[in-house]
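Undergrad: The structure that follows is given in the form of structure tokens.
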Ligand SMILES: Nc1ncnc2c1ncn2[C@@H]1O[C@H](COP(=O)(O)OP(=O)(O)OP(=O)(O)O)[C@@H](O)[C@H]1O
């Protein structure tokens, strides 16, 4: 198991031989059911109520083929430093320069606390859906698991190198689809011979017309690019695969094929994380759902109970 984001503060209780690893922050049963909290913000904060008024909900993580833990997220915090481009022009300057004018040279740093103390353990065979409103921290959590953003505090331990598949995943836009398949395959650790052997399957799975593979990726629609990315990533077995909204850009047929592929990856003892606002996608592909709100884990449990609580609270 590798640690993605090491931190001096990160620690976790692990038992690699027996499987049962205690989830330090999100045990199977915990805390009091509440949604929404009516207490005033200050008082509520003391009781562990999040800024949105949502509180951790009593939940039971579904029993699955949980022989081995694959990813342990331990009290993870991720922050971004955001710099404003300049100070708003005011007074006489505003009149002169217009309301949108900025004063150059003044860079004010602001910290966004995107993930706030999330803990859970993922097991082989788990397909975990991440749900939450816009900006709740789902993508940031995935990126931290994949080691793409550093943790401020806490740690992520992963048995294998997690592969992140997102709509924004890097492809060489000026290169043809064919070249991108080769580069993508090599980046996933295949040899050139292996990529060549799998090339036809990858293209067939993507459903793209052969002639498009000769065109540069920048001429592809968002959906076409997403199909090719998914097809490349799904051509190898991953012990840990993170899919961020990539499933929602293909058409219905491709969506079905992707869902089947995710099920197969799970059978091959992998762990799959799926970020999606499309709740039916989560329901069809996942056995477990994490509900994130304002960077905190609100609920971790079976698909039906978490989706029901989430839709009730958000009116989704
Ligand atoms: N690169 C970045 N720089 C600064 N702030 C960021 C960055 N990426 C995300 N954030 C901030 O972190 C918070 C969490 O964003 P994140 O993208 O993880 O949420 P999300 O739940 O995936 O949202 P969505 O459902 O809209 O994709 C937001 O407040 C967002 O503004």
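The values are calculated or read from the model by the stated rules, or taken from the named source; none is laboratory data. None of these values were measured; they are calculated from a predicted model. Note that each Cβ is placed from the backbone with ideal geometry, even for glycine, and that neighbours are counted across all protein chains shown.
Undergrad: Taking into account only those residues within segment 290-306 that are within 16 Å of the ligand (Cβ to nearest atom) and assigned to a loop (DSSP other than H, G, I, E, B), which is farthest from residue 79 (Cα to Cα)?
TA: Among them, the one singled out is 294.
Undergrad: Given the conditions (1) touching a strand residue (DSSP E or B) at 6+ places or on another chain (Cβ under 8 Å); (2) more than 21 Å from residue 130 (Cβ to Cβ); (3) outside any helix (DSSP H, G or I), which single one is not true for residue 243?
TA: For residue 243, the exception is condition (2).
Undergrad: Residues of segment 186-205 being in a helix (DSSP H, G or I) and touching a residue at least 40 places away in the same chain (Cβ under 8 Å), which ones?
TA: Scanning segment 186-205 gives a single hit, 205.
Undergrad: Could you check, for segment 269-289, whether at least one of its residues is part of a loop (DSSP other than H, G, I, E, B) and modelled with pLDDT of 90 or more?
TA: yes
For every residue, the table says whether it meets (1) within 9 Å of the ligand (Cβ to nearest atom); (2) in contact with a helix residue (DSSP H, G or I) (Cβ under 8 Å, 6 or more places away or on another chain); (3) at pLDDT 55 or above.
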{"position": "124", "(1), (2), (3)": "no, no, yes"}
{"position": "132", "(1), (2), (3)": "yes, yes, yes"}
{"position": "138", "(1), (2), (3)": "yes, no, yes"}
{"position": "142", "(1), (2), (3)": "yes, no, yes"}
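Undergrad: Can you tell me how many residues in segment 144-168 are away from the ligand (no atom under 13 Å from the Cβ) and in contact with a strand residue (DSSP E or B) (Cβ under 6 Å, 6 or more places away or on another chain)?
TA: Residues meeting the conditions: 12.
Undergrad: Restricting attention to segment 150-179, report how many residues are over 23 Å from residue 286 (Cβ atoms), crowded, with 18+ Cβ neighbours inside 10 Å and touching a residue at least 60 places away in the same chain (Cβ under 8 Å).
TA: Total meeting the criteria: 5.
Undergrad: When the residues of segment 272-286 are narrowed to those that are away from the ligand (no atom under 14 Å from the Cβ) and more than 19 Å from residue 234 (Cα to Cα), which ends up surrounded by the fewest Cβ atoms within 10 Å (Cβ to Cβ)?
TA: My answer is 280.
Undergrad: Further question: Testing residue 149 on (1) assigned to a strand (DSSP E or B); (2) more than 16 Å from residue 226 (Cα to Cα), one condition comes back false. Which one is that?
TA: Going through the list (1) assigned to a strand (DSSP E or B); (2) more than 16 Å from residue 226 (Cα to Cα), residue 149 breaks only (1).
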